[in-house]
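Data block below; observations after.
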């Protein structure tokens, strides 16, 4: 819902705005939207990875650096400098000793799981009053987050998922879409109507936190709640996504991942 407001602008600034098109209020709204940025992110670092005898999920090595370091660099490149890492108590010390409370100019806080909370449970403990990003630590990508954020704001939904494509979507939950709205996730369909699957990056409004019970809760359960409300958008992403938490994805990332330059 839009509200009418009155503002006072410098006459020269108003001329510049008017030169950009006929709809003055829409131009001002777009300029304000483009100037706003995400400030905080929650990285779901979970528990052990497939290399469970050697590494926590956050410390999977890619080109000589932990995967969490790659994620922090990607987020910093996109202007996000307040990061919370959700990590289980068993692996907390290893991660904290490496990254501390500040790393490469980024502030880092920790949400320690003393018992398994599921893939959405940690979000219920994340404290913010603003739009925020959630990303899986073992899903490497290099998106333009401002583009996804602007898409999300224009959709006016409580949540937006980055959608990637899968060569064999039968292994995953496939998104059934109506325009940009996700109507359903169809698990492991025999005859998939779409190639779009969850890419592991999400943008949420703070109201989403109240939809999650303070117990073990899976992200798919949260999606179901949002879908029933018509509040889940899908952003199609054509860049590469590497699921390094799986052996085949890890091997591909070693060969093809290009480190983020900040």
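Quick notes
- Counting every other Cβ atom within 10 Å of each residue's Cβ, 244, 95 order from fewest to most as 95, 244.
- Global size of the range 151-213 as Cα Rg and Dmax, reported in angstrom: 12.7, 36
- Neighbour counts of other Cβ atoms within 10 Å put 24, 215 in the fewest-to-most order 215, 24.
- Across the range 37-256, Cα pairs under 8 Å and at least six residues apart give a relative contact order of 24 percent.
- For the peptides 245-252, 84-91, the ranking by mean Cβ contacts within 10 Å, running from highest to lowest, is 84-91, 245-252.
- log₁₀ of I(q)/I(0) at q = 0.08, 0.12 Å⁻¹ - the chain, Debye sum with one point per alpha carbon: -0.35, -0.76
- Estimated FRET transfer efficiency (residue 228, residue 19; beta-carbon r; R0 35 Å; 0.05): 0.20
- Distance (nanometres) between label positions extended 7 Å along Cα→Cβ at residue 114 and residue 194: 4.0
- Taking 115, 225 and counting other C-beta atoms within 10 Å, the order from fewest to most: 115, 225
- Helix-only mean residue ellipticity at 222 nm for the chain, each DSSP H run of n ≥ 4 adding -39500 (n - 2.57), per residue, nearest 500: -8500 deg cm²/dmol
- Relative contact order of the range 156-212, pairs being alpha-carbon contacts under 8 Å that are 6 or more residues apart, as %: 45
Since every read-out is calculated from the coordinates, none of them should be taken as a lab result. None of these values were measured; they are calculated from a predicted model. FYI the Cβ positions are ideal-geometry reconstructions off the backbone, even for glycines, and counts take in every protein chain you see.
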